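Before any comments, here is the structure.
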Amino acid sequence: MISCQQVAKIFDGRAVLESIDLDVYPGETMVIMGGSGSGKSTLLRVIIGSFPADRGRVVLFGQDMGPLVGNEHNSGDEDKLAEVRKRFGILFQSGALFNSMTIAENVALPMKEHTDISQEIIDIQVKIKLELVGLREHANKYPSQISGGMKKRAGLARALALDPEILFYDEPSAGLDPVTSAQIDRLIMDLSKQLGVTSVVVTHEMDSAFTIADRMAMLDRGKMLKVESRDWYDNLRKLSEHDAKSLPESERLIRQFLRGDAEGPITERRSEAAFEADLLGVPVDQLLPTPSVEPTRRTASGGGTSIFRRSKG
């Protein structure tokens, strides 16, 4: 359904995505995860054609998206791109509902804009979509009158309006309480089973990811570290600290992210010395290891730490 082949995206000379390879198969739920700023949402936008890839290819439904999206040298083909976009739906992070429209009107909008079916049929379809997400009784309410979780479900009903083959979810659990988040997860799984929809879910919520995923992909600093089954990631997450020491750094990094550990390769990247040098305005080689002040709080062994150091002179 989706094939990313050596995809790269560059903003202001900085590579946000580098050499991304990712295939998504019909009917599966692919979870794309990674920390904030890892490139998850950018990858999603490149796949759906919001951004052109600077290198590589994105193939959607067997169609090379490059010539359709265009670039600075080529305007692309808006008509063909619009036809491809009718075949997928998107649940945005905020729901992205139109506040001046009722929930029913929001769901009806794609059908009014992109089909020639009668209003009577549209009304029936709206009721069907809202029933799928448990909101039929709230059809005439406005977004300001419903909760955050209901807005997500309403956004999902709108994403389903044109019976898409693929559903893209951008942080579907963001900002939701645990119970509402679990309801959204259950809805994603039910839709995949009932409608056979292929799902691509961008998230950093691990409970959600392990609940819904068939396969998982881990991004870090714009690079694809690993694409594997949920079981592979689950085994890595459960690996003991002793066994994890022999893993390559990329897998130790993934394990730290999955477990939410405070220590590991992700946090080791932060250079305390470089931070201190920047903070004090002196070169790194002029920093002394002696604390600038005597620590007021000590550990059981009598030691203490400070991030501040005395500079020469």
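Assessment of the range 68-80 against the conditions (in contact with a helix residue (DSSP H, G or I) (Cβ under 6 Å, 6 or more places away or on another chain), loosely packed, with under 15 Cβ neighbours inside 10 Å and not in a loop (DSSP other than H, G, I, E, B)) yields at least one matching residue. Remark: pairs (first residue in the range 248-275, closer than 16 Å to Leu225 by Cα; second residue among the β-branched types (Val, Ile, Thr) and at pLDDT below 90; Cβ separation under 7 Å; 6+ apart in sequence or on different chains) = Leu253/Ile266; Gln256/Ile266; Phe257/Ile266.
Tell me which strands (runs of 3 or more DSSP E) are completely within the range 142-233 and hold 1 or more residues being farther than 23 Å from Glu18 by Cα, or say none if there are none.
Working: elements: 166-170, 198-203, 215-220, 223-229.
Once the strands (runs of 3 or more DSSP E) in the range 142-233 are filtered for at least 1 residues that are farther than 23 Å from Glu18 by Cα, what remains is 166-170, 198-203.
Look through Ser271, Ser306 and report the one residue that is more than 30 Å from Leu22 (Cβ to Cβ), among the polar types (S, T, N, Q), modelled with pLDDT under 50 and surrounded by fewer than 15 Cβ atoms within 10 Å (Cβ to Cβ). Even if it seems obvious, please write down each step before you answer.
Working: Ser271 fails: modelled with pLDDT under 50.
Unique residue meeting the criteria: Ser306.
Against the test of being in contact with a helix residue (DSSP H, G or I) (Cβ under 8 Å, 6 or more places away or on another chain), modelled with pLDDT of 90 or more and among the hydrophobic types (A, V, I, L, M, F, W, C), the options Leu167, Leu191, Leu176 yield a single qualifying residue, Leu167.
For Ser100, the conditions (1) of a type outside the set (A, V, I, L, M); (2) in contact with a strand residue (DSSP E or B) (Cβ under 8 Å, 6 or more places away or on another chain); (3) surrounded by fewer than 15 Cβ atoms within 10 Å (Cβ to Cβ) are fulfilled apart from (2). Applying a threshold of 6 Å to beta carbon distances and a minimum spacing of six or more residues, or different chains, the list of pairs starting in the range 214-240 at a residue that is under 13 Å from Arg252 (Cβ atoms) and ending at one that is surrounded by fewer than 20 Cβ atoms within 10 Å (Cβ to Cβ) and of a type outside the set (Gly, Ala, Ser) reads Met218/Leu225; Met218/Lys226; Arg237/Arg259. The single condition from (1) under 23 Å from Leu167 (Cβ atoms); (2) out of contact with any helix residue (DSSP H, G or I) (no Cβ under 9 Å at 6 or more places or on another chain) that Thr29 fails is (2). Exactly one residue out of Ile117, Ile122 is in a loop (DSSP other than H, G, I, E, B) and either touching a strand residue (DSSP E or B) at 6+ places or on another chain (Cβ under 7 Å) or farther than 29 Å from Val24 by Cβ (or both), and it is Ile117.
The values are calculated or read from the model by the stated rules, or taken from the named source; none is laboratory data. It should be emphasised that the depicted structure is a prediction, and the values quoted were computed from it without experimental measurement. Here Cβ is always computed from backbone atoms with ideal geometry, including for glycine, and neighbour counts include all displayed protein chains.
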